[in-house]
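Everything on this sheet refers to the single structure shown next.
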Ligand code: FAD
Ligand code: NAD
């Protein structure tokens, strides 16, 4: 059977379904294909949503445990794993059904099956039967999958990737987490809160390589309290499956170079799903990391094929995929759309959360750019005091002379929500004075943004500091 359409979108994650919905809203006949029967992609089924659901619960557990400091006496909470799993799975099911419904109402046809290009106008889709879809344009939104550590227990069922860790089959007494990036930290936090003794090993010299170190410090302190052991400049040199436990050997700056663990969780990055797609039958090209090469309109080297989201390059974040989805759809519809965003926010949903957008201090240093950096410590925030969370920090990276806000970084509870104001400031080319003169509600953590801006101008109310000097260049 062969179907004909204007546009076929391959992959129904946040990038793919956003593109398909925008196309339909623009009056363009669209088919959305996914190898999985339920739309939503990795983000909904194995990524953003289940991890944040579990982080909500682990946050709740930690809040209950910390209640004692406020004079609230509560017993150690008990977790019913089956109920927790069912709650998480139900919310995923409901959200997926919602996507299907939203697509259906717009007239987007959803087809399940694994797709590959036969040529640059034809897609082969395999499920129980094989069918074909001919198209004028295609948008590739096939996402990414976890990287494995070759030779290090990849075949053992005691070794988990993020999908298996999120399935939450059991809470191991001891858990080895390999990788101190986004996923290792977020899911390590979940398992530690649920009762695992977590050992984390990270190859580089600190958590979240590339992120400003002053933002990392409060998180590192917290993680070291929550986890049994955290080791940097360390890698796993061998893993042996001994039936009901793993024997691990380490190399690097770790105190004890071996250990036994009930489970190991590998979170060392992800690779794009650009293979087995028949791209060789088109002119689309991939780079040496497997990302499909695209231009600012999300167009590949094959003019009728677009690529968006994780398969099209870093950062591998759902909201970047969604924006690219809109750009690709609008370009196909003939609009002058382009991915020219100045600030892609990043949020690590640990406790405390870390968020940043635009230019970071580390990037400014690397690029030799002159900047002025102001910091507002949350120890001077009334709202942070009421929460018992004084460890946070809000920092601003500005252009010397004009005070234009180039980037913002935040660490503390709710940093992920707070960064949205900074994204708008960077996109709108706001200056520190705009942010400082805008009235922020009191008492809220958002005031730390206003005060960081005022600190740049040398007149923050709750700290007494001169304007920061110009650095770099
Ligand atoms: P995906 O969501 O990966 O979807 C791709 C879809 O393509 C899948 O449904 C797949 O079945 C389908 N597909 C693949 N190949 C084919 C084929 N040949 N034929 C048909 N269909 C195919 N990002 C955030 O922004 N915030 C977060 O909090 C966050 N948390 C995360 C937590 C975890 C544990 C993980 C693993 C990731 C997280 N991410 C987060 C990253 C986020 O999930 C990705 O950036 C996002 O899913 C990328 O969206 P996408 O549309 O490119 O592809
Ligand atoms: P990551 O790139 O964030 O972190 C991987 C970490 O593993 C790095 O710190 C790296 O130095 C370390 N590492 C690599 N090889 C190692 C080894 N052999 N031994 C020890 N450590 C090693 O990757 P991730 O955590 O797998 O996440 C993948 C991507 O998914 C992220 O980069 C992000 O784009 C996305 N994600 C986003 C969120 C969010 O937005 N909150 C959450 C989860 C995932």
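Between the alpha-carbon centers of region 205-229 and region 1-43, tell me the distance in whole angstrom.
If you average the Cα positions of each part, the centres end up 39 Å apart.
If you stretched the chain out fully between residue 129 and residue 293, how much longer would it get, using 0.36 nm times the residue separation minus the C-alpha to C-alpha distance?
Computed gain between residue 129 and residue 293 is 55.9 nm.
Could you work out the Rg to Rh ratio of region 369-441, with Rh taken as the Kirkwood radius (inverse of the mean 1/r over all Cα pairs)?
That ratio is 0.98, to two decimals.
Compute the relative contact order of region 159-268 as a whole-number percentage, counting only Cα pairs closer than 8 Å that sit 6 or more residues apart in sequence.
With pairs under 8 Å counted, the relative contact order is 34 percent.
Can you classify region 345-402 as rounded, prolate or oblate using the Cα gyration tensor, where a ≥ b ≥ c are the square roots of its eigenvalues, rounded means a/c under 1.5, and otherwise it's prolate if a/b beats b/c and oblate if not?
Since a/c reaches 1.5 but b/c is at least a/b, the shape of region 345-402 is classed as oblate.
Given an 8 Å cut-off on Cα distances and at least 6 residues of separation, report the relative contact order of the chain as a percent.
Once normalised by length, the contact order is 14 percent.
Roughly what % of Cα-Cα distances in region 65-142 sit above 16 Å, to the whole percent?
72 percent
Once you wrap a convex hull around the alpha carbon atoms of region 99-162, what is its projected area averaged over all directions, in nm²?
7.3 nm²
Report the normalised scattering of region 346-467 as log10 I(q)/I(0) at q = 0.14, 0.15, 0.16 Å⁻¹, calculated by the Debye formula with identical scatterers on the alpha carbons.
-0.51, -0.59, -0.68
Suppose each label sits 7 Å from its Cα in the direction of the beta carbon; what would the residue 242-residue 444 distance come out to in nanometres?
A separation of 5.4 nm, rounded to one decimal place.
Please figure out what share of the DSSP beta bridges in region 145-257 is antiparallel and state it in percent, rounded to the nearest 5.
Bridges in region 145-257 are about 45 percent antiparallel.
For labels at residue 64 and residue 197 in the simple 7 Å Cα→Cβ model, what's the distance in nm?
Spacing of the two 7 Å Cα→Cβ label points: 2.3 nm.
Rounded, prolate or oblate: which one fits region 18-154, using the alpha carbon gyration tensor with axes a ≥ b ≥ c (rounded when a/c is under 1.5, else prolate when a/b beats b/c, else oblate)?
prolate
State, as an integer percentage, the relative contact order of region 54-199 based on alpha-carbon contacts under 8 Å between residues 6 or more apart.
RCO, region 54-199: 22 percent.
Can you compute the helix-only [θ] at 222 nm over the chain? Use -39500 (n - 2.57) per DSSP H run of at least 4 residues, normalise by all residues, nearest 500 deg cm²/dmol.
-10000 deg cm²/dmol
Quick one: Cα convex hull volume of region 238-384, Å³ per residue?
In region 238-384, the Cα hull volume divided by residue count equals 248 Å³.
Which of the three applies to region 159-268, rounded, prolate or oblate, going by the alpha-carbon gyration tensor with a ≥ b ≥ c and a/c under 1.5 meaning rounded?
oblate
Show me, bin by bin at 5 Å from 0, the whole-percent P(r) of region 262-301 based on Cα pairs.
P(r) over region 262-301, rounded to whole percents: 5, 18, 23, 19, 11, 8, 7, 4, 3, 1.
Using only the alpha carbons, work out the radius of gyration and Dmax of the chain in angstrom.
Over the chain's Cα set, Rg and Dmax evaluate to 23.8, 73 Å.
Among DSSP beta bridges whose residues both lie in the chain, state the antiparallel percentage, nearest 5.
60 percent
Evaluate 2.2 N^0.38 Å with N set to the residue count of region 424-473, then give the Cα radius of gyration divided by it.
Its radius of gyration relative to the 2.2 N^0.38 Å reference: 1.19.
Put a dot 7 Å past each Cα toward the Cβ at residue 437 and residue 87; how far apart are the dots in nm?
4.7 nm
Here, each number is a calculation from the coordinates, and none is a lab measurement. Computed from a predicted structure; not experimentally measured. Neighbour counts are summed over all protein chains in view; Cβ atoms, including those assigned to glycine, are modelled from backbone coordinates with ideal geometry.
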